[in-house]
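The structure appears below as structure tokens.
Here, each number is a calculation from the coordinates, and none is a lab measurement. Here the structure is a predicted model, which means the values were calculated and not measured. In this analysis, Cβ positions are derived from the backbone assuming ideal geometry, glycine residues included, and neighbour counts consider all displayed protein chains.
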Amino acid sequence: MDRIDEDKPLDRRAVIGFLAKAGVGAAAFLCGGAGVANAVLEPAPAGSAAPGGSGPVPGYDWTKHRWGFGVDATRCIGCLRCAVACKQENNVAFDPHHFRTWVERYAYVDGSDKPLIDSQADPANIAAAGRPDNYRFDNRYAEVKVDKAFFVPKLCNHCTRPACVQVCPTGATYKSVDGAVLIDHDYCIGCRYCIQACPYGARFFNEERQVTDKCTWCYHRITKAMMPACVEVCPASARIFGDLNNPHSAISEFIHENRVEVLRPETGNGPNVFYVGIDKEVN
């Protein structure tokens, strides 16, 4: 898969210009805070669209979409192709500790009601992979009776009320009208408040660039009517993506046909990644 440079997925000045047309002050936007988050969440009024469509991406109207993501843990086989594809697509460092999306393994061994949990960042799995650009789960349970085991893909939940947006002091982390939570690295000062605020561990710090990073649902792809890289390469169709405004989209049908749940609903963040096939130990 060819790499696509996503260092600057959006032009922040274009966003500010768009918000100015919509009646939101640029100075207020750059200051961050809950009031700004609410302003960004509100759809732009009619007639305020930028050339080629509403929003900062030419030809893409972000008022017409509301993106959502689904994960079917009963289908995930733990192949980790999603993690590799994400790194290739988004120029994430090929090491075992920096991921925009990752997979956890939950195993209930005989006689225990609590799962043993590991991911590709576990030292034994790193050793089994053999090199930093390869990821796999080891065979540690080959000689153990396992009552139940499953894999859980994880990523940024692109929350409806994201704590990361509320704590960002510069407005670098913001929520777009179509539901995606994004980072403008030109404005990120590397304070890491967002990393501390995220209850899902979905953010990491890029030491080389001195900025935070996370999953964007491959925003540079979905605004061009393409699927996120992880969804595209999944051989088991465990990842589902689409427009929640379209009742016939893959994600709308996934939610309609299954009893879905979200991770840590008690936080009040309102996640927009919907799961099936997990249990109460997954958070």
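Residue-level analysis places Arg221 outside the set of residues that are assigned to a loop (DSSP other than H, G, I, E, B), over 13 Å from the mean Cα position of the chain (by Cα) and farther than 17 Å from Leu263 by Cα.
For (1) of a type in the set (A, V, I, L, M); (2) in a loop (DSSP other than H, G, I, E, B); (3) closer than 23 Å to Phe151 by Cβ, each residue gets a yes or a no:
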position	(1), (2), (3)
Thr212	no, no, no
Ser237	no, yes, yes
Asn246	no, yes, no
His256	no, no, no
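The residue that is farthest from Glu104 (Cα to Cα), counting only those in segment 183-204 that are among the aliphatic types (A, V, I, L, M) and in contact with a Ser or Thr (Cβ under 7 Å, 6 or more places away or on another chain), is Ile189. Filtering segment 99-154 to residues that are surrounded by 16 or more Cβ atoms within 10 Å (Cβ to Cβ), out of contact with any Asp or Glu (no Cβ under 9 Å at 6 or more places or on another chain) and not in a loop (DSSP other than H, G, I, E, B) leaves Thr101, Trp102, Val103, Ile126. Only one entry in Asn206, Asn246, Asn272, Asn283 is touching a strand residue (DSSP E or B) at 6+ places or on another chain (Cβ under 9 Å), farther than 15 Å from His158 by Cβ and of a type in the set (S, T, N, Q), namely Asn206.
Within segment 85-107, the residues that satisfy the criterion of being of a type in the set (A, V, I, L, M) and over 20 Å from Asn139 (Cα atoms) are Ala85, Val92, Ala93. Every condition in (1) in a helix (DSSP H, G or I); (2) surrounded by fewer than 16 Cβ atoms within 10 Å (Cβ to Cβ) holds for Met226 except the one numbered (1).
Take Phe204 and decide whether it is in a strand (DSSP E or B), out of contact with any Phe, Trp or Tyr (no Cβ under 6 Å at 6 or more places or on another chain), in contact (Cβ under 8 Å) with a residue 40 or more places away in the chain and within 15 Å of Gly70 (Cα to Cα). So Phe204 fails the test.
The residues in segment 58-93 that are within 21 Å of Asn245 (Cβ to Cβ) and either polar (S, T, N, Q) or in contact (Cβ under 8 Å) with a residue 60 or more places away in the chain (or both) can be counted, and the count is 11.
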